[in-house]
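Peer 1: Before we start, here is the structure in question, set down as structure tokens.
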Amino acid sequence: GDSVTQMEGPVTLSEEAFLTINCTYTATGYPSLFWYVQYPGEGLQLLLKATKADDKGSNKGFEATYRKETTSFHLEKGSVQVSDSAVYFCALSDFGAGSYQLTFGKGTKLSVIP
Amino acid sequence: DTGVSQDPRHKITKRGQNVTFRCDPISEHNRLYWYRQTLGQGPEFLTYFQNEAQLEKSRLLSDRFSAERPKGSFSTLEIQRTEQGDSAMYLCASSLGTSGSEQYFGPGTRLTVT
């Protein structure tokens, strides 16, 4: 079945540092890929998405590129802020296979210190 | 705010009792999803409705769990004869009826079974 593997946390960075959170996936079809973010005390929010190979999703300074050859969708940000402290989840959905459920990774907790 | 709402936000119950949670999706969304999230894990899919029809169910949804969406509006998730292993955050999400459309999540209901 489909699965998502993302780097273990927690990750602690200083403000303005570069962020990479690795995410790889296994899917039977041709999935769409997502990054969701969960800020403390809040619900999950979609951060960005990509629906086909080589697509780059971007939002709030975060980027991720759909790499079919390496089955990866790594999240990056050039300069993190304290307000980026949250848990980040990589997810996929295999709409082409007729499934609308999201399959999530375990999440990576990011703490940004001033 | 017209986001996804869930009620109650917290529920503490004794083992063996029945509990029911409610989810109100965004009004124009015809798809509704239930997920379960345990500590340190990503959300896991439970079930999905398109309008009032329940179209997908995970193997995680044992026969003690039942979900309904009468008239294609709000949804309820009932757990009968609760067990300590049912303690988790129960998340509801909704989306439009088009393929690939974003799922919007509610704040969740945290269940604690004592």
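FYI, it's all coordinate maths here, none of it is from the lab. Nothing here was measured: the structure is a model prediction, and the numbers come from that model. When we count neighbours, we look across all protein chains shown, and the Cβ atoms used for this are built from the backbone with ideal geometry, even at glycine.
Peer 1: Give me A:Glu76, A:Glu8, A:Glu69 ranked fewest to most by other Cβ atoms within 10 Å of their Cβ, as a rough exposure proxy.
Peer 2: Lowest count first: A:Glu69, A:Glu8, A:Glu76.
Peer 1: Let me ask something else. For chain B, what relative contact order do you get, as a whole percent, if you take Cα pairs closer than 8 Å and at least 6 residues apart?
Peer 2: 36 percent
Peer 1: While we're on this one: For a quick protection proxy, order the peptides A:80-88, A:51-59 by their average other-Cβ count within 10 Å, most packed first.
Peer 2: Taking the mean over residues of other Cβ atoms within 10 Å, the ranking is A:80-88, A:51-59.
Peer 1: At most 13 other Cβ atoms within 10 Å and a DSSP loop assignment: could you name the trypsin sites (Lys or Arg not before Pro) in the range B:11-81 that fit?
Peer 2: Those satisfying the criteria are B:Lys14, B:Arg15, B:Arg59, B:Arg64, B:Arg81.
Peer 1: Tally Lys and Arg at +1 and Asp and Glu at -1 over the other residues with C-beta under 14 Å from the C-beta of A:Thr108: what net charge comes out?
Peer 2: With Lys, Arg at +1 and Asp, Glu at -1, the neighbours total 0.
Peer 1: Any idea what the dipole of the range A:24-109 comes to, in debye rounded to 20, about its Cα centre with Lys/Arg Cβ at +1 and Asp/Glu Cβ at -1?
Peer 2: Dipole about the Cα centre, nearest 20: 60 debye.
Peer 1: Let me ask you something else. Starting from the Cα of A:Lys77, draw a straight line to each of the lysines and keep only those under 18 Å, dropping any in the same chain fewer than 8 residues away.
Peer 2: Counting by Cα, and skipping residues close in sequence, A:Lys77 has these lysines nearby: A:Lys49, A:Lys56, A:Lys60, A:Lys109.
Peer 1: Determine the shielding of peptide B:45-57 by partner chains: average, over its residues, the number of Cβ atoms on other chains within 10 angstrom of each Cβ.
Peer 2: Counting other chains' Cβ atoms within 10 Å and averaging over B:45-57 gives 2.
Peer 1: Got a sec to turn the phi values of the range B:18-35 into Karplus ³J(HN,Hα) couplings, 6.51 cos²θ - 1.76 cosθ + 1.60 with θ = phi - 60°, whole Hz, x for Gly and Pro?
Peer 2: Karplus values, whole Hz, x for Gly and Pro: 9, 9, 9, 10, 10, 10, 10, x, 5, 4, 8, 7, 9, 10, 9, 10, 10, 10.
Peer 1: Taking K and R as +1 and D and E as -1, what net charge do the other residues with C-beta under 12 Å from the C-beta of A:Glu16 add up to?
Peer 2: Once all neighbours under 12 Å are counted, the net charge is -1.
Peer 1: Principal axis extents for chain A, Cα atoms only, whole Å, descending order, please.
Peer 2: 44, 28, 22 Å, listed from the longest principal axis down.
Peer 1: Here is a follow-up. Would you list A:Ile21, A:Ile113, B:Ile26 from fewest to most Cβ contacts within 10 Å?
Peer 2: A:Ile113, B:Ile26, A:Ile21
Peer 1: Continuing with the same structure: Given H placed on each backbone N at 1.01 Å, which residues far from B:Ser87 in sequence or on other chains put an amide H within less than 5 Å of it?
Peer 2: B:Val113
Peer 1: Normalising by the residue count of chain A, find the relative contact order in percent from Cα pairs under 8 Å and 6+ residues apart.
Peer 2: Averaging sequence separation for qualifying contacts and normalising by length gives 36 percent for chain A.
Peer 1: Still on this structure, I have one more. Assign one of three labels to the range B:1-87, namely rounded, prolate or oblate, based on the Cα gyration tensor with a ≥ b ≥ c the square roots of its eigenvalues; rounded applies when a/c is under 1.5, prolate when it is not and a/b is larger than b/c, and oblate otherwise.
Peer 2: Judged from the Cα gyration tensor, the range B:1-87 comes out prolate (a/c at least 1.5, a/b above b/c).
Peer 1: Using each residue's phi in the range B:81-88, evaluate 6.51 cos²θ - 1.76 cosθ + 1.60 at θ = phi - 60° and report the 3J(HN,Hα) Karplus result to the nearest Hz, with x for Gly and Pro.
Peer 2: So the Karplus estimates, Gly and Pro as x, are 6, 4, 10, 4, x, 7, 4, 4 Hz.
Peer 1: How large is the dipole of the range A:11-57 about the Cα centre if only Lys and Arg carry +1 and Asp and Glu carry -1, each at its Cβ, rounded to the nearest 20 debye?
Peer 2: Result for the range A:11-57 is approximately 240 debye, rounded to the nearest 20.
Peer 1: Roughly how crowded by other chains is peptide A:99-111, in terms of the mean Cβ count from those chains within 10 Å of each of its Cβ atoms?
Peer 2: Mean partner-chain Cβ count within 10 Å for A:99-111: 5.
Peer 1: Still on this model: Which residues' amide hydrogens lie under 5 Å from the amide hydrogen of B:Arg15, considering only partners 5 or more residues apart or on another chain, with H built in the peptide plane?
Peer 2: Result for B:Arg15 returns B:Thr114.
Peer 1: Let me ask something else. Show me, for the range B:4-9, the HN-Hα J-couplings you get by feeding each phi into the Karplus relation (A = 6.51, B = -1.76, C = 1.60, θ = phi - 60°), rounded to Hz, glycine and proline as x.
Peer 2: My calculation for the range B:4-9 gives 6, 10, 9, 8, x, 7 Hz in order.
Peer 1: How big is the charge dipole of the protein assembly as shown about its Cα centre, in debye rounded to the nearest 20, if each Lys and Arg gets +1 on its Cβ and each Asp and Glu gets -1 on its Cβ?
Peer 2: In total the dipole reaches around 580 debye.
Peer 1: Starting from the amide H of A:Leu47, placed 1.01 Å from N in the peptide plane, find each other amide H under 5 Å away whose residue is 5 or more places distant or on another chain.
Peer 2: Those qualifying (amide H under 5 Å, at least 5 residues apart or on another chain) are A:Trp35, A:Tyr36, A:Val37.
Peer 1: Now for a separate question. Over the alpha-carbon set of the protein assembly as shown, divide Rg by the Kirkwood Rh and report the Rg/Rh ratio to two decimals.
Peer 2: 0.97
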